[in-house]
Structures are given as C-alpha cells and as structure tokens.
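Notes follow once the structure below has been shown.
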Amino acid sequence: MLSSGSTSVTVEEGKTADCPLTLILGLSSYGNMIIGNKELKKTGLVTVTNSVVMANLDGGSTSTNAYIDDGTEKEISPYAMGKYEVTRELFKAVMGVDPSLTDYVSEEETYELHPVGKVCWYAALVFCNKLSILMGLEPCYSVNGIDDWQEFDYESIPSSKNDDSDSSWQSVSCDFSKNGYRLPTLAEWEFAARGGDMSAKDWNYSFSGSDNADEVAWHGGTSNSTLHEVGLLKPNRLGIYDMTGNSAEYVWSDSYYSNGDRRLCYSSSSFLPASRYGMLNNEYRYTYRDNNLSYQSGFRIARTIK
C-alpha cells in the first residue's frame, strides 16, 4: 500500500499534534483500488498474458466473427486489463466529476457501480494519467504543452474537433514501456474479449464468454434500454465482464485510419439487438467523432506488464 503526503510523528501520551492529512492509496486484498482511504469496488485488473504472443485475430469470413480485418498476425506483449468497465465511482474519485447521465441507469442496482458514460476519448486518456500518478506509476500519455497531469483540470479537456486546443491533442502519444494505466489497444481488446487462448473453444464464441448473449451481455432484449451495474453477468474465461454489451468502450488504435484518426470506440452497447454486437462485428467499430459522445461512451483500463 502506498501513502501520499504522510508524515511520521511521535506524540506523548495524552497530547495531540497537527500533521498533514495522509491519503492512503494502493490495492486491497481483493485487488480493488484504494483511493482516499476508501476501497473502490469492482476496480481490479486481471493478467491477460504474461508472455509475448503472436495472435491471429482474423475471425474468418463470416461477419459475426470479423475481428482484425486485415488477417495478419499481431504481436501482443504482456499486459493486464480491467475486469470491469471503469465505474462512475472510480472516475469521480480520480477526476472529481461524474459526467454520466442519470436517465440511463437501472434504479435497482448501485448507480456508483454503473459504467461511467458521456466520456470523450481524451478524457479517458487524462483519467489514465491521473490514476497512474495517484497510484505511484508512470503516466503513459504525452500531449504537447501539458507537464502537470495531476493538476490538469477536467474542463480543459477538448470534447470535439471544433475545440481549438484539439490540434495539439491530436498528436498525443502513448509510451507502452511505462507501467501506468492506459487504454487497451485494438488488438489487446480483441485478444482479451476472445479469452486470450487461441486453442480454447471460447476463442470462436459469438460473444465474449459465451454463444448465448443473455449469459454475458446486456442487450436490446434484456437491458430495458439502460446501462447496468458492471460485473453482474457471467465473465469470459479470463474473468473479464461486460466485453459484450453494457457501455461502448474506447480503445487505442494500432494504426491511423484513413481520416487520420486513431481514436477508436467499440460500440457493443446495451441498446443493440443481441444479433448485432459490435464486439464481433466490424460495422460497429468506429472512429471517435463529435456526435459519438453519448451516455454510453465509456472505457476500461489496461497496463503493460514488465
């Protein structure tokens, strides 16, 4: 466990002394994050692979199994991924705000444990850098002109390409050698969604963790058109939840697209019919746009393992 700003003092019995507030940070025995002396539920990560693998992520000729559409092998280095989508509680603990809309949550569940929504791609990067600093890790992202991520204000994050400050953010870089938190790459996301074992049966499941959408995903037939608390349904073989359904998830594209954009989102949301899930269908993989900032725009985090 880490301690931020703590001071060791000796006080005689029966006397008191002023000392700086100690902010406790670290991981609980359950693997959850502790921020500000509070254990934040459903914030743990799981190791996807602890060795370099060459993964063929081409799912074949059918549209329901179309992952990486160029059919080439991808080298994937050791990494861990969030077992859950980033929750509203965790986002607020790090960023100080919760941009989510309250109209699209299930009232019968703990709303703090719903996936955060209405988050832009840049805000996800800032969150990752801030969380890394809080947990004593190395920030992965660099943007020209920004040196102090810990003090960077949420309101200063550009939310659209119409923002004048967006030009400097478009050149954002990610240092994958750092040990801090970041978005998963497109290949990492798909490798984890398929269970991380190319020889296993679930590598070719129609949905992440099952051929039965109802077991693993909130979708148009089961979600009641709302987001749901993370981790309520069956996880995939890695113990990762909601990789099909619930919130749409941002990733870091492995390469620039034809429009010069690497801001990518997987639109496998709670509102799509079970037969048309974005996790396994390229038509629901899209680059970030101004109008893609919605109540279901969320993300999960990853970390490079050294």
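Values in this text are rule-based calculations from the coordinates and carry no lab data. Everything quoted here is computed from the prediction, not taken from an experiment. Cβ placement follows ideal geometry from the backbone for every residue including glycine, while neighbour counts extend to all protein chains displayed.
Things worth noting here:
- Out-of-range pairs (alpha-carbon distance over 19 Å; input K38/K234; K38/K130; K92/K118): K38/K234
- Cut-off 14 Å between beta-carbons: net charge of the residues surrounding Y30, Lys and Arg +1, Asp and Glu -1: +3
- Distant-in-sequence amide contacts of K83, defined by a placed amide H-H separation under 5 Å and a gap of 5 or more residues or a different chain, comprise G44, L45, V46.
- Amide H to amide H distances under 5 Å link K74 with A55, N56, L57, where only residues 5 or more positions off or on other chains count and H is placed in the peptide plane.
- Amide H within-cut-off set for W252, under 5 Å, with H built and near neighbours excluded: T185, L186
- Each peptide in 78-91, 107-120 was scored by the mean count of other Cβ atoms within 10 Å over its residues; highest first, the order is 78-91, 107-120.
- Cα centroid separation - the stretch 91-146 against the stretch 207-224, whole Å: 25 Å
- Residue-wise HN-Hα coupling along the stretch 115-129, computed from phi with Karplus coefficients 6.51, -1.76, 1.60 (Hz; x: Gly, Pro): x, 5, x, 6, 9, 8, 4, 5, 5, 5, 5, 4, 4, 4, 5
- Neighbour-count order for L40, L183, fewest beta carbons within 10 angstrom listed first: L40, L183
- In this label model, D153 and F176 are separated by 3.6 nm, measuring between points 7 Å along each Cα→Cβ vector.
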